[in-house]
Amino acid sequence: MLFDRIFRFPGRVSLPSRQGGPTRGVARSQALDDSFLSRLRNVTLVSQRKLTSGLTGEHASPRRAHALEFADYRSYTPGDDLRRVDWNAYLRLGQLLVKLADAPERVTLHLLLDTSGSMAWGHPDKFSFARKVAGGLAYVALSHMDAASLIVLRDRDCTRWSRQESSASAAAMVRAINALEPGGTTDLDAALSAYTSLSNHRGIAVLITDLLSPQGYQSGLERLSHAALRPVVIHVLSPEEINPTLEGDLELLDAETGETVQVSVDWGILRRYRRWLREWLNEIEAYCAGRGITYIRVESSHPIEQLLLERLRREKVLK
């Protein structure tokens, strides 16, 4: 939960211990049903930055190459393939012109998944929801000949957990996603900085997180926004975090460190919490907007179909 800011508690807070304690694990994500998968095959990723890989996919490229769909002409230069010369244009104009075409290219989807212990919290828990989002997006990418790379963020590090490049490997990617379990802490600033330092990434980077990083998130998102990527943040919160119903004298247990704090929650505390929550969410939204980052906030109880097929289309992450 988000009570750490209100009570100045250095960590995230899970369920009160008298109500059963923190979530110790999460259930495996249920497989997406066939009818939903068939609808996902009708949408594709949207990249708003130039694509530069030489691999063939289903996305139009700003480059010109020898391909199926005619796009333009350029003057012949020695060494060009004579089969690409438009001889009809030569007979009419007396010029050697080479036919160009749009070269479809492959987009790489980078799924950056926060696996900290706070993601296991909520009903439904945030991590189960995050896994379904990651699995659905990976399926969209792979079913359209794009590549999908799963990056795990934990502690101060990032780890490439899986990379797949064909529609036949979609099931393997989903298995890799479902094998993950949340736990420990994640320093988003450090982990995202480590990720952007690995190489000159290109494509679309989708960060799925609750943004509950005691060290902050701003410098990590700043680094992500400066990379040769289209950055997208899917901010997952649980219904209990949006509208908590706690009251009375409680012992709150940190879901990541195991530390406890004694609190008395009344109407005044809840009012302060909701005011702080609004300010925090507005701050995040403004920060992302100022850096060209697509920001999407969603509750873990939200239907996954609406997120992928409606909300992400409105935000032009999918089309």
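The values are calculated or read from the model by the stated rules, or taken from the named source; none is laboratory data. Because the structure is a prediction, the values reported are computed rather than measured. In this analysis, Cβ positions are derived from the backbone assuming ideal geometry, glycine residues included, and neighbour counts consider all displayed protein chains. Remember, those area values only see protein heavy atoms, side chains included, never the ligands or the DNA or RNA. Shrake-Rupley method; radii C 1.70, N 1.55, O 1.52, S 1.80 Å.
For region 260-319, filtered to residues that are part of a strand (DSSP E or B) and of a type in the set (Ser, Thr, Tyr), the residue that is farthest from the chain's Cα centre (by Cα) is SER264. Filtering region 275-305 to residues that are of a type in the set (S, T, N, Q), open to solvent by 40 Å² or more (accessible area, probe 1.4 Å) and under 16 Å from GLY122 (Cβ atoms) leaves only SER301. Taking region 218-258 as the search range and keeping residues that are hydroxyl-bearing (Ser, Thr, Tyr) and without any contact (Cβ under 8 Å) to a residue 60 or more places away in the chain, which one is least open to solvent (accessible area, probe 1.4 Å)? Only one residue fits best here, namely SER219.
Pairs are defined by a Cβ separation below 7 Å, a sequence spacing of at least 6 or placement on different chains, a first member in region 281-309 that is closer than 14 Å to THR209 by Cβ, and a second member that is open to solvent by less than 30 Å² (accessible area, probe 1.4 Å) and of a type in the set (Asp, Glu); the pairs so defined are SER300/ASP125. Of the residues making up region 178-189, just one is open to solvent by less than 20 Å² (accessible area, probe 1.4 Å) and either without any contact (Cβ under 8 Å) to a residue 40 or more places away in the chain or within 17 Å of THR108 (Cα to Cα) (or both), namely ASP187.
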